[in-house]
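The values are calculated or read from the model by the stated rules, or taken from the named source; none is laboratory data. Quick caveat, the model's predicted, so the values are computed rather than measured. All Cβ positions, glycine included, derive from the backbone under ideal geometry; neighbour counts span all protein chains shown. All accessible areas refer to the heavy atoms of the entire protein, side chains included, with ligands and DNA or RNA removed. Shrake-Rupley method; radii C 1.70, N 1.55, O 1.52, S 1.80 Å.
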Amino acid sequence: MFKRKLWLFSLIVSAVLLAAACDDSGGKNPYLIYTGSNTAMKVMWQMTATNTCTLEWGTQEGIYTLGKVTTTENSSSTNQHIHSYTISGLQPGTKYYYRAMGGGLTRTGSFYTAPAADATDVNFLAFGDTRSATTTHDQVCAGVISNFTDDPETNYQTLAIGVGDIAFDGLEATWNKEFFNKSLTNAQAFLASVPFTPPMGNHEYDGKTFKKYFAFPYVANRYWSYDYGPVHVVIVDQYASYSPGSAQYNWIEQDLAKSTKTWKIIALHEPGWSCASSDLFEGHANNTSVQNYIQPLCVKYGVSLVIAGHNHYYARAEVGGVTHLTTAGGGAPLYSPRIGEPNVVIAIESLHYCKFEVRGDELFCEAVTPEGTILDSFNISK
């Protein structure tokens, strides 16, 4: 009981400090949107007033000679001052540098295009539930970016799969204070350097803000899929029907059936198997729709991995040859997992993110703290 009261007191204090310290005036530094193409990357940013901007790019840091465009506000974002441009005609698996200029400001970043379609090896990251506690989210992002700044040869500046709950609610001001807070230097560096592909979480509410700033090529609602070298990722929208016979369920099944990629992964927010509980401080109960609808599709179509969040800790479950990860240590206040739940191999209360390496028919994963301590490691063989 004392632990719960202390946790709640800390959350209240953090919320008060956040409200006092953070700027919610708007504007967003450039960040990356992966559209599913290995020869393109979309760059998005938001100004605080109407401006004409310039976007330039190249393959050498500080030298932007490959392309230059002038951008104006998106016609669909009247009076919201959102700019975006999809840089196309790029080479797969190549690093590019870019800068966006406008309103007297210059912002820079870099990215890797997705690997060739026939690539067999790739690295990527996964984490989520970044909401509410901005300093801890920034701490996790510091760990994430250390993978490609301290050791560029590992090439983890590629892709990060999210699990939803970007901010505490769907209000624009909350997103400005939390996820897009310009004072969080590590979080800003991550967004400017790695495309992040989260599904929608329950804290995104009606999804309007989520869909506005994560402008992916959705099939409908907020679900879609993409290839990344040897990996096929399906993003599930759990806040639109995905029961058998629904439009989303039919699409998921057809999408999985036609993919020929070696590795199939599903990303969603609420896990089918985690450390189930009805106690807020221990996390949310298992999602039976994932158990009853998604799991059979995983078994039928060879999905190796389901990545989820919602419960703020790390957990790994093994069910019918499918690995179910809960990787929700991205910054939100942590929960205390109940140990010994069915199918759960390991559960740890900790901030963390996951590192994946695909090497042909082998997939390796490490769950690590922001400081680099390994919480769990496993591999899957095809």
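Straight Cα distances below 23 angstrom link K42 to the lysines K28, K68, K95, K182, K208, K211, K212, with same-chain residues fewer than 8 positions distant left out.
Would the stretch 154-292 count as rounded, prolate or oblate if I go by the C-alpha gyration tensor, calling it rounded below 1.5 in a/c and otherwise prolate when a/b exceeds b/c, oblate otherwise? Oblate shape, in that a/c is at least 1.5 and b/c is the bigger or equal ratio.
Model label sites at V299 and V345, defined 7 Å from Cα along the beta-carbon direction, differ in position by 1.8 nm.
Placing dummy labels 7 Å off each Cα toward the beta-carbon, the span from M101 to K208 is 3.7 nm. For the pair F378 and Q91, the difference between a 0.36 nm per residue extended length and the Cα-Cα distance amounts to 100.1 nm.
Size check on the stretch 64-179: the Cα extents along the three principal axes, sorted descending, read 42, 36, 26 Å. Ellipticity at 222 nm from helices only: DSSP H runs of n ≥ 4 in the chain, each -39500 (n - 2.57), divided by the residue count, give -6000 deg cm²/dmol. Along the chain, the exposed loop sites are chymotrypsin sites (Phe, Trp or Tyr not before Pro) outside DSSP states H, G, I, E and B with at most 15 other Cβ atoms within 10 Å, and the longest stretch free of them is 1-217. Please give the residues of the stretch 35-55, grouped as numeric ranges, whose backbone N is less than 15 Å from a label point set 7 Å along the Cα-to-Cβ vector of T72. So the set is 50-54.
Taking a ≥ b ≥ c as the square roots of the eigenvalues of the alpha-carbon gyration tensor, the stretch 231-285 is classed oblate because a/c is 1.5 or more while a/b is no larger than b/c.
Tell me, what % of the accessible area of the stretch 205-296 is carbon and sulfur with a 1.4 angstrom probe? Its accessible area is 48 percent carbon and sulfur atoms. In terms of Cα atoms, the Rg and Dmax of the chain work out to 19.9, 61 Å. Per residue, the accessible area of the stretch 171-216 comes to 31 Å² when a 1.4 Å probe rolls over the protein heavy atoms. To the nearest 0.05, what FRET efficiency results for A240 and D361 with a Förster distance of 51 Å applied to their C-beta separation? Computed FRET efficiency for A240 and D361 comes out at 0.90.
Which of the three applies to the stretch 333-382, rounded, prolate or oblate, going by the alpha-carbon gyration tensor with a ≥ b ≥ c and a/c under 1.5 meaning rounded? Oblate shape, in that a/c is at least 1.5 and b/c is the bigger or equal ratio. Taking GluC sites (Glu not before Pro) as exposed when their DSSP state is a loop state and no more than 15 other Cβ atoms lie within 10 Å, the longest site-free interval of the chain runs over 62-370.
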